[in-house]
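What follows is one structure encoded as structure tokens, with my remarks underneath.
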Amino acid sequence: MRRSSKKSSSSAAAANAGDVQVNEKQNRKRKGVSTNLTSRKAQCGPTRGVSKEIERIDHLFYTYADSSSGMIDPEGIETLCSHLEVPHTDARILMLAWKMGCEKQGYFTLDEWRSGLKALRADSISKLKKAFPELVQEVTRPSNFQDFYPYAFRYCLTEDKKKCIEIPVACELLNLVLGLQFRSQVDKLVNYLKYQSEYKVINMDQWMGFLRFCNEINFPSLDNYDSDLAWPLILDNFVEWLRENKS
């Protein structure tokens, strides 16, 4: 009798130990499943949020895009500008094109649109309006402006192999991109280009020379301008014209 009771008690203990091990394994499995589900939710959450944002950005794009070309064309840009309540000639539209990395003047592709609006965190017209002040600040930082200024010139080259822009276009562009920072210099330069010079077009070297002139030369005294320092000839002529008219 004593032996059988010992056997039964040891069997019960073994069974209890087995149950404990099974329960521990089940608990670990449950915890593992719970942890996996949590990590999956954490991974899926932001992704879903991003995809929803892209959906809204895409929906906004197709509001203005031409169905045949699949791009926002000049007519679509004019409609966009009217909704943004800015003229289509506003500098902020040129800044928006720069932010998108647009390659062709007057046309926004879907990829360009996505890139720019995602960077601006703008998936609606109201958000895009609110993003403009920050965009202007970004462009006018010296390091960014050094990229934006030549981009503005390239953006106005309407043909693939074109190297120059016409004087009227150059004058409009100068007013847009340099007018806010260098109003006095730009007014004189535009006056000279339109009415006094014999130049018909402007190339990139001359365009970059205008920026260098505004940044480096004391105006209106011009006392530090030295024609021997490899300035474009158009600026030598401009300075000569200024000095003659000043005297």
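Structure values in brief
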quantity	calculated
Three-way shape label, segment 194-247, alpha-carbon gyration tensor, a/c 1.5	oblate
Calculated Rg and Dmax of segment 119-247 using C-alpha coordinates, Å	16.6, 56
Solvent-accessible heavy-atom area per residue, rounded to whole Å², over segment 160-247 at 1.4 Å	59
Number of Lys pairs (Cα under 22 Å; 8 or more positions apart or on different chains) in segment 137-247	8
Dipole magnitude of segment 101-142, debye to nearest 20 (Cβ charges: Lys/Arg +1, Asp/Glu -1, about Cα centre)	180
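The values are calculated or read from the model by the stated rules, or taken from the named source; none is laboratory data. These figures come from a predicted structure and were not determined experimentally. Methodologically, a virtual Cβ is constructed for each residue, glycine included, from the backbone with ideal geometry; neighbour enumeration extends over all protein chains shown. The area values use the complete protein model at the heavy-atom level, side chains included, leaving out ligands, DNA and RNA. Shrake-Rupley method; radii C 1.70, N 1.55, O 1.52, S 1.80 Å.
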